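This report concerns only the one structure given below.
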Amino acid sequence: MANDSRAGLPMFERHFTVGVLSEIWGVSEDTLHRWFEDEEVLRAGEGKKDAPRIPESVAARVYAKRFRKRA
């Protein structure tokens, strides 16, 4: 897979739900919704069945921004 030309393309990166990131990061889903408001990955009115998936690159950027102050 090292020579796979798809590697690194946004459509092939991992995607997370708000619930999964909430568990991993130890913050509430409401907090994550606020943090991701400006990232254009969450849309109002989505139900659990249509839960948005947050690309790993976006999650990493938001994590670095929010948690670097704590270190």
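Just a few scattered comments:
- Placing dummy labels 7 Å off each Cα toward the beta-carbon, the span from residue 23 to residue 60 is 2.3 nm.
- Segment residue 68..residue 30, full-extension length gain: 11.7 nm, with 0.36 nm per residue of separation and the alpha-carbon distance subtracted.
Values quoted throughout were computed directly from the atomic coordinates according to the rules given, and no laboratory measurement underlies them. For clarity, every value in this text was computed on a predicted model and none was experimentally measured. Here Cβ is always computed from backbone atoms with ideal geometry, including for glycine, and neighbour counts include all displayed protein chains.
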